[in-house]
Amino acid sequence: QVQLAESGGGSAQAGGSLKLSCVASGRTDRRYAMAWFRQRSGKEREFVAAIGWSGASTRIGDSVKGRFTISRDNAKNTVYLQMNSLKPEDTAVYCCAARLYGSGYTTADYGYWGQGTQVTVSS
């Protein structure tokens, strides 16, 4: 089993940047694909970005494409979400998630979740 802990959330102005981190602990010897999802107030959880175990394969959600990038450092058991050109509509709780063997793009694809970190973007 793996535990996930996000950090790096906070407040930013529109047009600004934030970088989120997600550190995995526990059974980190296994090859997990990782992803970020977000949940805006009153909305369903939404796919943001995913990355395969090696980092060679990534996918970015349409709503953040061109502004957000995902990366990972397996030596540090950490996945990152770099968020640039932030918009007020990016305000949400951002959660990281993990799954074994292959990437996924829906919440049902992931069995391990962090608690989330709040991102608030003001105009």
With 19, 76 as the choices, which residue is of a type in the set (D, E, K, R) and farther than 24 Å from residue 121 by Cα? 76
Residues of the range 31-54 classified as over 14 Å from residue 76 (Cα atoms) and either open to solvent by 50 Å² or more (accessible area, probe 1.4 Å) or free of Cβ contacts under 8 Å to residues at least 12 places away in the same chain (or both), total: 7
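Given the criterion out of contact with any Pro (no Cβ under 8 Å at 6 or more places or on another chain), assigned to a helix (DSSP H, G or I) and more than 19 Å from residue 7 (Cβ to Cβ), identify the matching residue among 89, 46.
Numbers: 46 fails: assigned to a helix (DSSP H, G or I).
Within the list 89, 46, the selection yields 89.
If I go through the range 64-86 residue by residue, how many of them are free of Cβ contacts under 8 Å to residues at least 40 places away in the same chain and either within 20 Å of residue 5 (Cα to Cα) or part of a strand (DSSP E or B) (or both)?
Filtering the range 64-86 down to residues free of Cβ contacts under 8 Å to residues at least 40 places away in the same chain leaves 64-75.
Add one more test, that the residue is either within 20 Å of residue 5 (Cα to Cα) or part of a strand (DSSP E or B) (or both), and what stays is 68-75.
Of the residues in that region, 8 qualify.
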Restricting attention to the range 5-30, report how many residues are within 15 Å of residue 72 (Cα to Cα), out of contact with any Ser or Thr (no Cβ under 8 Å at 6 or more places or on another chain), touching a residue at least 60 places away in the same chain (Cβ under 8 Å) and not in a loop (DSSP other than H, G, I, E, B). 1
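The values are calculated or read from the model by the stated rules, or taken from the named source; none is laboratory data. As the structure is a computational prediction, the values presented were derived from the model and not from experiment. Using ideal geometry, Cβ is built from the backbone for each residue, glycine included, and neighbour counts are taken over all protein chains shown. Just the protein is used for accessible areas: all its heavy atoms, side chains included, with ligands, DNA and RNA removed. Shrake-Rupley method; radii C 1.70, N 1.55, O 1.52, S 1.80 Å.
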